[in-house]
Each structure stands twice: as structure tokens, then as C-alpha cells.
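Before any comments, here is the structure.
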Amino acid sequence: MTERAETAPRRVSIFGSTGSIGRNTLDVISHLGGRDAYKVLAVSGKGNTDLLARQAKECGAEIAVTADETRYGDLKQALSGSGIEAAAGKAALIEAAEREVDWFMAGIVGMAGLAPTLAAAGRGADIALANKECLVSAGELFHREIESGGGRLLPVDSEHNAIHQVFDNSQRHSIERIILTASGGPFRSLNLDEMAAVSPDMAAAHPNWSMGVKISIDSASMFNKALEMIEAMHLFDMRPDQIEVIIHPQSVIHSMVGYSDGSVLAQLGTPDMRTAIGYSLAYPKRPSLPIERLDFARLARLDFDAPDESRFPSLGLARRAMEAGGLSGAILNGAKEVALEAFIDRQIGFLEMADIVENVMDKLGTGGEAISIEAVYEADDTARLLARELVANRSARPLVN
Ligand code: NAD
Ligand code: MG
């Protein structure tokens, strides 16, 4: 990347700007100096073109891209007279991601985030990584792309951001384990019969964090934590047996690192994604943000509990994928995304999501070596196809309304 003067606004792109992470990113930028400090190059979204156009105008973006080609006319119309470029479709998303910036927010949800993020990484941007699928599906390939581009990888997922804050790279050899905290979601204390009957609306209501619908439901099934285990293994180059999960309902400790002298270092804070986003934006400096400060006296207590893998089989599936390696992460994730859509569409019940993923993993094994991005996409496609068949063939059973 070219050298830039300290005072020049940092050039940034925000992919998935219309989502929960994207909106929080724009909010953080506005608190940290707005247009004087940051030059927003690209914003992107999918369905909500009105919001996308409004965001582009407010932050003075050069280009706004919707992933949905059928929305191109709407977006162009909403941006008319603003001088902001409108674009649509997957290729346009990648083209915009290739435009040189200093910092790139990877805030697109799901596998759709992989190609644009890889494009930005290859161009040398610092990648603020909220999207989990880049590492879960294509861990080593993604690292390679970051290395060849020369940018930094800054985790935004709150757990990984917390670990990044307390992971002493100079003492790498003395790090024994990573302890990911999990709120346990809204169904932490339900039994299996009760879990079988929950609706998508119930699953989308997270007790502590305000997030997009898909990640909220993934939190309820703990597939979110499953993805995060794989993400942590790739991010911090750990063995599968070095990644632990502990239920911590208050979501105050965002994760921990255990050292060989028995010390455990933790990062704490109120559950607000703007801390992690601000950390990744200002790194290695600490920005000043209006985050609610922790009040320990009011908090009074922190609880912990071992996760129950019989009620949350997603965690065991993650461990299996981590140990198997190859394309297992892509297979788990592809099957999970189909199962999640099917649950949202009320085609399958809550507990059937894990059944479908397990079935697909049984049938496809490791899927071979993750030698190329094409191989990752192929494993993802195959897993999705099989998962769709399983959804279609599921025995007729009354579903929740
Ligand atoms: P969200 O659903 O609120 O927003 C997703 C964004 O991606 C939107 O801008 C949407 O328009 C865009 N998008 C959706 N489908 C797309 C497609 N096919 N092509 C291109 N763009 C598409 O999700 P979110 O909660 O902001 O999460 C974004 C990512 O960050 C996810 O991968 C999630 O796992 C991760 N994450 C989110 C949080 C959080 O607090 N929200 C925390 C940690 C990690
Ligand atoms: Mg998280």
C-alpha cells in the first residue's frame, strides 16, 4: 500500500453497511471524527437500498453497491443527483472491494462475504473481520491472501476481539488455551422437548446482544459458538483441544486466554459491538467511545456453566470439523446456512438444524483438501445441495407457527 500522511483521512470501505455491524461501524466513525478523519470509499448492502443510499450520502461514499441486481434501478434512483456511483451484483461487489482502502469492514453475513473480503485482503487493506465464514470455510487460504496483500487481520467478532486484546504474541509458546465465552442464548435452560417447539421469532431474540436475525438464531442453537471455535483455531493458530467454551450468561467477559503459569487474562466490557469495531478501526490506539462503562457493584456477580453438548450438538460438530480439517469447515457452514434458512422459513424445527448438518458431515467427510477457493466453493455447493435434499425429504411433522 502507498504511504499516506498522518493527517490524511483514512480511506475505509464498509461492506454490509446496512446490517447491524455496518450501522455500528458508521456510528463509530461518526464518533471518531466522521468525514474529517475517514474517507468512506464504498458501502454495500442487499435488499434495503433506501438505507444504503441514505448511508452513502451521509458519509460521502464514492460508490454504493447492492448485492441484488434487481435493485439496481432503485439504488440508482435513490442516488440520482448525488454524484455517488451506484452498482449492483456479485461482480460489482468484488470490483468495489478491490478499490484500494486502508481499512475494510467485512460485515456481510454468511458465505456471500468471502469473495469481496478476499478481494480486499489481496489488495492489502487491513481487514476488520466480523464475517466468520471467511475463516470457517477458507481459513488457510484467507490467511494466505492477507499475507500476500500485506494488511492486518483485526478480529471484530467480540470473542476474538477480546482474545486479540489479551493474546500476548511474544509469549505464544506459553499460551495453553483459549476460553470462548457464550451467553448460552435464550434457550439455555430449556429441555429438549421445549427446544423442539421454539419458533424463529423466539430464537431471534438474543438476551444480551442486539444483532442480525441469522446470527441471533445461530446464537440460540450455539452454531454461532461452533463457528467461533473454528474461527478461533484459524485466527490464533491453535490446536482443536486448546479451544474451550464456557457458558457465561451475562456476556461481560468476552473471552479469555490461559497461560502456562496458571494466569488467565480476560477482556471485559458491556455487550456493545462498537468497542470491538472501534478497537479494529483505531488499532493499536484506544479510541474514545460513548460505550456504557461497566459498573461492577451493580453487576454484583458473574456466572459460569459448562455447555451441555447433548442439547447443543453444534459444539460437538465444530470439534469434529476442527479435528478433521480439510474442507470440513466449509461443509459444516454450507449445511448450516441451508438449515438456518429452512428454520427461518419454518420448513424444519429448531433441533433439526443440527441433524441436517450432522447428516451432511457424515456423508461428505472432510471433502478433500482446501487447496483453492474453487475447492471451497465446490464443498460449500455440495453441502448445500445435500442439505436442501434433506430438508425436502424430512418426514412430515407439525411445525411451530
Ligand atoms: P445483518 O444481517 O444485520 O447484516 C448483514 C449485511 O450483509 C447487510 O448489510 C446485508 O444487506 C448484507 N447481505 C446479506 N446477504 C448478502 C448477500 N448475499 N450478498 C451481499 N451482502 C449481503 O448481520 P450482522 O449481525 O451485521 O452480521 C454481519 C456479520 O458479522 C455476520 O457474519 C455475523 O456473524 C458477524 N458478527 C455480527 C455480530 C453482531 O453483533 N451483529 C457480532 C459478531 C459477528
Ligand atoms: Mg461472537
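Odds and ends about this structure:
- Residue 179 being more than 16 Å from ligand 1 (Cβ to nearest atom) and of a type in the set (Val, Ile, Thr): yes
- Leading residue by the ranking (farthest from ligand 1 (Cβ to nearest atom)) among those in the stretch 7-34 that are within 14 Å of residue 52 (Cα to Cα) and without any contact (Cβ under 8 Å) to a residue 40 or more places away in the chain: 26
- Of the set (1) surrounded by 16 or more Cβ atoms within 10 Å (Cβ to Cβ); (2) touching a Gly at 6+ places or on another chain (Cβ under 7 Å), all apply to residue 236 but (2).
- If the condition is being closer than 22 Å to residue 37 by Cβ and in contact with a helix residue (DSSP H, G or I) (Cβ under 7 Å, 6 or more places away or on another chain), then the stretch 83-96 contributes only 84.
- Listed here are the helices (runs of 4 or more DSSP H) enclosed by the stretch 41-160 that have at least 3 residues being within 16 Å of ligand 2 (Cβ to nearest atom): 133-149.
- Residues within the stretch 254-271 that are farther than 30 Å from residue 114 by Cβ and either buried (at least 20 other Cβ atoms within 10 Å of the Cβ) or β-branched (Val, Ile, Thr) (or both), tallied: 2
- Considering 286, 274, the condition of being part of a helix (DSSP H, G or I) and open to solvent by 40 Å² or more (accessible area, probe 1.4 Å) is satisfied by 274 alone.
- Residue check, residue 177 touching a residue at least 12 places away in the same chain (Cβ under 8 Å) and in a loop (DSSP other than H, G, I, E, B): no
- As for the stretch 212-230, it holds at least one residue that is of a type in the set (A, V, I, L, M), within 13 Å of ligand 1 (Cβ to nearest atom) and surrounded by fewer than 19 Cβ atoms within 10 Å (Cβ to Cβ).
The values are calculated or read from the model by the stated rules, or taken from the named source; none is laboratory data. These figures come from a predicted structure and were not determined experimentally. Note: ideal-geometry Cβ built from the backbone for every residue, glycine included; neighbour counts use all protein chains shown. Quick note on the areas: whole protein, heavy atoms, side chains included, nothing else; ligands and nucleic acids left out. Shrake-Rupley method; radii C 1.70, N 1.55, O 1.52, S 1.80 Å.
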